[in-house]
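The values are calculated or read from the model by the stated rules, or taken from the named source; none is laboratory data. Please read these numbers as outputs of a predicted model, since none were measured by experiment. Cβ placement follows ideal geometry from the backbone for every residue including glycine, while neighbour counts extend to all protein chains displayed. Side chains are part of the model used for accessible areas, which takes the heavy atoms of the whole protein and leaves out ligands, DNA and RNA. Shrake-Rupley method; radii C 1.70, N 1.55, O 1.52, S 1.80 Å.
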Amino acid sequence: MNERPVKLACRHVWKIYGSHPQRLLAGGNTPTLDQIRQSDHVGAVRDVSLEVGEGEIFVIMGLSGSGKSTLVRCLSRLIEPSGGEILYDGEDLLKASPARMIEIRRHRMGMVFQHFALLPHLTVLENVAFPLEVQGMERGAREARAREVVQLVGLQGREANYPRQLSGGQQQRVGIARSLAVEPDLWFLDEPFSALDPLIRREMQEEFLRIQRKLRKTIVFITHDFDEAIRLADRIAIMKDGAVVQVATPEELVLAPANDYVAAFTAHVTRAKVVTLGRIAAPGQPDGIAGTLSAGATIEAVAEQIVTADAPFAVERDGTVIGHVTPAAVISILIGKET
């Protein structure tokens, strides 16, 4: 259950490719996947309803062809949905005029995709400032703002470099900085790190989380990598054949998958990466505790601290102690006997 104020919501969104998608949806029909295929159409997005909370990192994942990228492009109306509602701060984007959508994308949405699409003839600073130039911002102001976000993503000193002079990870940072320059309320990222090698990818994930801790953006993030998803996400939506099959926290997906498809996605995940102290905390607080830890901390993050202590740790949520955790409880997770 999402307890944050809703920033972005979609209600019964469809994207059907073919000669007459509206006939399939006429009268509020909800055609099955087989019906769509038998009519020589493709159901890229099928009856998707979900909510993204303010300040949330909401990850959408699925296998190639599951519809995740199409859904995100529908949410931003880069692709026109075949039906449904998309509400952004309560405004139905499907009723917005083209001019209104341009205004929203320029001033309130940021987008970062797998391919950096940097302008090769512009420097780092000029690339980052480019969307502000499109907005009509005066040169001095846009360059000052560009320098701020260049520093935010750790590229200070590279302002005069051209894209060809940067590594893949540095180019991706320029793409992120360019997207952040307009100070978006809502940020779409479509597999932004998948083209990077594993070491650089992990560094960029750390950088991304650092930026998010500072800025608290509302983020919709696409990935096909479950390890990346559980590292970044507040909640995850799993897609299959254009439909969302489960929306849950990483912990809930691993411990209570909705079906075999979700279970297969999560089968390889080490439970200690997602199980939190709040899940295994026993009631009460014994005397002589070793300290206090957050209920949201994962077992992996605090296991060594707990198992080497001589006493249990109190577990706290929102300033209130909800129970305690013992070394034995943590060891049971580490050896695969989680409750």
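Exactly one condition in (1) open to solvent by less than 40 Å² (accessible area, probe 1.4 Å); (2) among the aliphatic types (A, V, I, L, M); (3) farther than 24 Å from Glu191 by Cβ is not met by Ile102; state its number.
It is condition (1) that Ile102 fails.
With the checklist (1) over 18 Å from Gly336 (Cβ atoms); (2) touching a residue at least 60 places away in the same chain (Cβ under 8 Å) in hand, flag the one item Gly291 doesn't pass.
Every listed condition holds for Gly291 apart from (2).
When the residues of the stretch 1-28 are narrowed to those that are open to solvent by less than 70 Å² (accessible area, probe 1.4 Å) and among the small types (Gly, Ala, Ser), which ends up modelled with the highest pLDDT?
This residue is Ala9.
Within the stretch 80-88, does at least one residue satisfy the condition of being surrounded by fewer than 18 Cβ atoms within 10 Å (Cβ to Cβ) and of a type in the set (Val, Ile, Thr)?
Scanning the stretch 80-88, I find no residue that is surrounded by fewer than 18 Cβ atoms within 10 Å (Cβ to Cβ) and of a type in the set (Val, Ile, Thr), so the answer is no.
When you go through (1) over 14 Å from the mean Cα position of the chain (by Cα); (2) at pLDDT 90 or above; (3) on the phi < 0 side of the Ramachandran plot one by one for Gly242, which number turns out not to apply?
Here Gly242 clears every test but (3).
Can you list the helices (runs of 4 or more DSSP H) lying wholly within the stretch 124-229 that have 3 or more residues being touching a residue at least 40 places away in the same chain (Cβ under 8 Å) and surrounded by fewer than 21 Cβ atoms within 10 Å (Cβ to Cβ)?
Once the helices (runs of 4 or more DSSP H) in the stretch 124-229 are filtered for at least 3 residues that are touching a residue at least 40 places away in the same chain (Cβ under 8 Å) and surrounded by fewer than 21 Cβ atoms within 10 Å (Cβ to Cβ), what remains is 198-215.
How many residues are without any contact (Cβ under 8 Å) to a residue 12 or more places away in the chain and not in a helix (DSSP H, G or I) when one looks only at the stretch 91-120?
Total meeting the criteria: 3.
So which residues in the stretch 41-79 are acidic (Asp, Glu) and open to solvent by 20 Å² or more (accessible area, probe 1.4 Å), if there are any at all?
Selection gives Asp47, Glu51, Glu54.
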